[in-house]
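These notes are about the structure you will find just below.
The values are calculated or read from the model by the stated rules, or taken from the named source; none is laboratory data. All values derive from a computational prediction rather than experimental measurement. Cβ: placed from backbone, ideal geometry, glycine included. Neighbour counts: every protein chain shown. Each accessible area value is taken on the protein alone, full model and side chains, heavy atoms only, with ligands, DNA and RNA left out. Shrake-Rupley method; radii C 1.70, N 1.55, O 1.52, S 1.80 Å.
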Amino acid sequence: MLPLLQNLFFLIKELLRVPVDILAGTTRRIYEISRPVDAPKAIAWAVASANKIKLESSPPMELDTDPDPARPGVFTGFCLYGDRRLKFAYEILAETPGEALTLRMLMDECDPIYRFGEDYIGAVVVSGDDRQSVISECCELTHTKLSTRFLMPLTVLRSLYSLKRTAEVRAGRRRRDWTDQVKSAVLTGALTYASFSAIFDLSIAAMLIVVVFLHELGHVIAMRWVGIPVRGMYFIPFFGGVAVGDGFGKTEAVRGFVALMGPGASMLTTGLFLWLSLQNGDPFLSDLALISAAVNGLNLLPILPLDGGRVLQALTSRLPPRGARAVHGATLLLGLGLAGVIRDYLLMALILLIAPSVLSMRTSTLHKPTLLTRGESAWLTSGYVAMLTFYVAVTVRIWNDAIAAGGS
C-alpha cells in the first residue's frame, strides 16, 4: 500500500477511536506505527537512538541533549524547532543497543508544547539488515486534554517520518526521480477513479479525475515557481487529490500564492472548456466546465483544509491568535455543516482531524512565517475574490443554459 494511503488510514482510524474512548471513559492510550526505511539497520538505529541529531523535517528540527551527571539515564537540553529553542528532557528506562530503546518524557522539565499528557512513555524498535530496515514507534500516555487526543496521531506520524527521512538521507538513498512520482500519481489516480466510479457514472468519474489533476498541477507549478521542492502528486479516493511539497514556504505570501494557484491555474482550463462548449454545444464539454467550476469553487470556500481556508489562514495571520482562532473556529463549524449536507464524510473526518491543531495555541506558535504586508494582503484578497466570482459566474451561466435548453 502506498505510504500516503497508509498514513491516511492510520489517521482516520485513530480519529475514529477518539469518540469511542471518550464514551468509554478511556484516558490511557497507546499509539503504534511502523514504516520500512531504505537504509541499513545500523544507520536507522544511530538516528533513532541519537541524543544529538539534526532531523530532516520541515521546519528543520535538531535535538541537542546531554547526560545529566547527577541523574544516571537522564538527558536534558533543547529541541531546536525552526527558530525556536524548546526545553527537552527524558529518562532512558531500558535499552538494547542496536535494537530497542524505551524512555519516559520528563514533562515538568520540557517546554509546555511537549506536555501532551501524563506519564508519557515512548519506545522505538529497529529491525532489518545491512540493506533495509524497519523503524517502529510506540508511545503510551494518559490524556488530560481533548485536543491532545487528536494531535497525538499526527505527532507520532511526523516523528516517525522525520527519523525515516533522516536515515535515508544519511544512507544516500533519499533521492526520488520523476518516475517514482508518476507511478504514485498513476496508482492513486486509478484507485480514486474507481472510488468515483462507485458513486457516479464512468464519464463523470473521468471528468473528476481530469479536473482534480489540473487543479493539483496548478499547485505543483506554484511550488516549483517559488522554489519549494515537490515530493509528488497524489489522488485520494472519494475525496480528490493533494500536491505534496517539501515544506510550506517561509512567508504567508508564498503560502497564499501556492494555495490560490490550484484554482487559479484551473481558471484557464475551465474557461477553455466553457468556450469550446459554447462553440459547438457539446454537452460533454459543458459538463466538464461545470464540474471544473463546481470543484474549484467549492475548494475556495474559506474552510481548512480547503485552499480557501489556507488563503484565509494567510490573511488572518496578522490578527491576534485568539481572533484568528475565532475566525477559523467559525469556518470549521461551517465546513462540518456543509460536509454533512453533501454527505462527504471524508471531508468531515479531515476537518475534525485538523480542527485541534488549528484551534490550539501551542501548535499555531510553532510556525512563524513572515506575515503579509498590506500590499500582499490586498493582492491575495483580490485574487481570491476574482477567482471565486469567476467560478460562480461559470456555474450560473451553464446552469441557466441547461434550464433554458430544457424549457425549449
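Across the stretch 85-206, Cα-Cα distances exceeding 22 Å account for 57% of all pairs.
Within the stretch 270-328, the ratio Rg/Rh, alpha carbon atoms throughout and Rh by Kirkwood, equals 1.29. Pairs spanning more than 25 Å between alpha-carbon atoms, out of LYS54/LYS250; LYS52/LYS164; LYS54/LYS87; LYS13/LYS164; LYS41/LYS87; LYS87/LYS145: LYS41/LYS87. Among the protein heavy atoms of the chain, carbon and sulfur supply 64% of the accessible surface, probe 1.4 Å, non-protein parts ignored. Please label the shape of the stretch 20-151 as rounded, prolate or oblate, based on the square roots a ≥ b ≥ c of the eigenvalues of the alpha-carbon gyration tensor (a/c under 1.5 means rounded; beyond that, a/b larger than b/c means prolate, else oblate). Oblate is the answer for the stretch 20-151, as a/c is 1.5 or above yet b/c matches or exceeds a/b.
Loop-located GluC sites (Glu not before Pro) in the stretch 92-187 (DSSP state not H, G, I, E or B) with no more than 13 neighbouring Cβ atoms inside 10 Å: GLU99. Of the whole protein surface, ILE30 contributes about 80 Å² of accessible area at a 1.4 Å probe radius. With every protein chain in place and a 1.4 angstrom probe, the accessible-area ranking of TRP399, TRP379, TRP45, largest first, reads TRP399, TRP379, TRP45. Accessible surface for the chain, divided over its residues, is 50 Å² per residue with a 1.4 Å probe.
Matching the structure-derived semi-axes √(5λ) of the Cα gyration tensor in Å against the labelled list (1) 42, 23, 20; (2) 34, 27, 20; (3) 46, 25, 20 gives the label (1). For the set GLU56, GLU14, the ranking by accessible area, highest first and with no ligand, DNA or RNA atoms included, is GLU56, GLU14 under a 1.4 Å probe. Using a/c under 1.5 as the rounded threshold, could you call the stretch 100-139 rounded, prolate or oblate? The axes a ≥ b ≥ c are square roots of the C-alpha gyration tensor eigenvalues, and prolate needs a/b larger than b/c, oblate otherwise. Prolate. Each of the trypsin sites (Lys or Arg not before Pro) that DSSP puts in a loop and that has at most 14 other Cβ atoms within 10 Å breaks the chain; the longest unbroken stretch is 177-342.
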